[in-house]
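I have placed the structure first, in the form of structure tokens, so that the comments after it can refer back to it.
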Amino acid sequence: MTTAVGPKTRRRIMAGIRASGRLHVGHWLGALQTFVELTRDNDCYYEIADLHALTTNFARSGEIADSVRDIALGFLAAGLDPQRCTIFVQSRVPEISELAVLFSMITPVSWLERVPSYKDQIAALGSEIATHGFLGYPVLQTVDIIAFRGQAVPVGQDQLPHLELCREIVRRFNHLYGDVLTEPEAVLSQAPAVPGTDGRKMSKSYNNSILLSDSAAETTAKVKEMFTDPTKIRKNDPGHPEICPVFFFQEIFNARNAPDIAHRCRTGQLGCVEDKADMAVHLNAGLAALRERRRELESKMDYVDEVLANGTRRARETAAHTLAEVRAAMKL
Ligand code: SF4
């Protein structure tokens with residue numbers, strides 16, 4: 001079951017970001033802006049998912065702390081108000097881990113093995129990531145939602161199968177132990193997939209990201225190297241802006257001029273070097289306020305730590321209630 005972003009009735013929203021790298025422009029456009037919007041009419045819990053990061057980064061666990069800090073800065077710089085939502089770190093809520101053990105008892109291995117990303121990720125990253133924890137990733141995801149009584153979860157189309165598995169696990173729990181938990185609904189994100197500098201989806205694993213922590217100069221250098229329409233080799237060649245990642249960003253950050261840019265690209269009046277330089281200026285302008293807030297917050301890390309401590313305390317209270325109900329239902 002799905003609804004559009006911005007539901008009328010106030011609901012408990014649960015969402016998180018995996019602490020496996022620094023936040024990039026794709027996170028901002030694809031998730032953080034929705035997170036902020038949802039806080040207007042809902043009770044939102046936003047998790048920095050460091051346990052999830054361990055599933056693939058267990059051998060480099062020392063890098064996770066930097067990512068946790070970066071995500072906390074990004075959440076606040078993007079406009080999340082800690083008075084209007086609960087921001088917390090997953091591993092600092094031990095109730096999540098206990099619930100994950102209990103839910104792992106009722107989740108058939110066959111359900112987990114059929115998740116498409118399980119085999120895809122092993123093929124991409126190697127068989128050494130095929131740990132017990134990695135297989136159980138969807139159980140932990142389910143617990144992330146039910147621990148906080150999440151009624152709705154903002155997801156992209158590609159994440160719908162994961163949410164459906166979560167709903168199946170919840171149904172199984174309720175079937176076994178009574179009607180205790182609510183099946184979460186999807187709040188389907190309308191945000192487009194953001195391309196990275198190589199034209200594929202912007203992602204830490206592809207090393208194609210423009211980071212929120214990058215300086216304007218670093219951003220400009222990355223844009224200079226950006227993939228464009230491969231058939232447009234010289235300025236005079238007619239281009240296809242609809243397949244060009246540079247144009248994707250022009251449409252967002254330079255919307256007023258985008259039709260003219262598309263026309264000049266198609267008719268061979270605009271070259272990629274010139275267009276990239278122009279796009280970098282507009283992208284940097286669009287990111288300037290967020291980056292400025294991020295810089296300010298970096299000089300107030302005590303405040304950021306306090307936000308996480310308060311959010312984690314609130315999250316633990318909620319998760320402890322759920323854990324007590326789950327234990328009671330299971331007669332433990
Ligand atoms: S001119 Fe601009 S929109 Fe056209 S292909 Fe080059 S970078 Fe892309």
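So if I check each of 276, 232, 222, which one is basic (Lys, Arg), touching a Cys at 6+ places or on another chain (Cβ under 7 Å) and either within 16 Å of the ligand (Cβ to nearest atom) or over 30 Å from residue 16 (Cα atoms) (or both)?
Values: 276 fails: touching a Cys at 6+ places or on another chain (Cβ under 7 Å); 222 fails: touching a Cys at 6+ places or on another chain (Cβ under 7 Å).
It is 232.
If you go through segment 88-127 and keep only what is surrounded by fewer than 12 Cβ atoms within 10 Å (Cβ to Cβ) and without any contact (Cβ under 8 Å) to a residue 24 or more places away in the chain, you end up with 101, 105, 108, 110, 113, 120, 123, 126, 127.
Restrict the check to segment 230-238 and report whether at least one residue is in contact with a helix residue (DSSP H, G or I) (Cβ under 7 Å, 6 or more places away or on another chain), in the same structural domain as residue 274 (by TED's automatic domain parsing), surrounded by fewer than 19 Cβ atoms within 10 Å (Cβ to Cβ) and not β-branched (Val, Ile, Thr). Outline the logic, then answer.
Restricting attention to segment 230-238, the residues satisfying the condition of being in contact with a helix residue (DSSP H, G or I) (Cβ under 7 Å, 6 or more places away or on another chain) are 232, 238.
Now restrict to residues that are in the same structural domain as residue 274 (by TED's automatic domain parsing): 232, 238.
Narrowing further to those that are surrounded by fewer than 19 Cβ atoms within 10 Å (Cβ to Cβ): 238.
If we keep only those that are not β-branched (Val, Ile, Thr) too, we end up with 238.
Yes - at least one qualifying residue is present in segment 230-238.
For residue 22, state whether it is out of contact with any Ser or Thr (no Cβ under 7 Å at 6 or more places or on another chain) and among the charged types (D, E, K, R). Spelling it out, it is not the case that residue 22 is out of contact with any Ser or Thr (no Cβ under 7 Å at 6 or more places or on another chain) and among the charged types (D, E, K, R). Among residues that are over 28 Å from residue 284 (Cα atoms) and touching a strand residue (DSSP E or B) at 6+ places or on another chain (Cβ under 8 Å), residue 83 is not included. Pairs linking a residue in segment 240-253 that is assigned by TED's automatic domain parsing to the domain that holds residue 271 to a residue that is more than 7 Å from the ligand (Cβ to nearest atom) and among the aromatic types (Phe, Trp, Tyr), with Cβ atoms under 7 Å and 6 or more positions apart or on different chains, are 245/227.
For segment 198-229, the set of residues classified as under 27 Å from residue 268 (Cα atoms) and either assigned by TED's automatic domain parsing to the domain that holds residue 18 or among the acidic types (Asp, Glu) (or both) consists of 198, 225, 229, listed by residue number.
The values are calculated or read from the model by the stated rules, or taken from the named source; none is laboratory data. What you are looking at is a predicted structure, and each value in this text was computed from that prediction instead of being measured. Cβ: placed from backbone, ideal geometry, glycine included. Neighbour counts: every protein chain shown.
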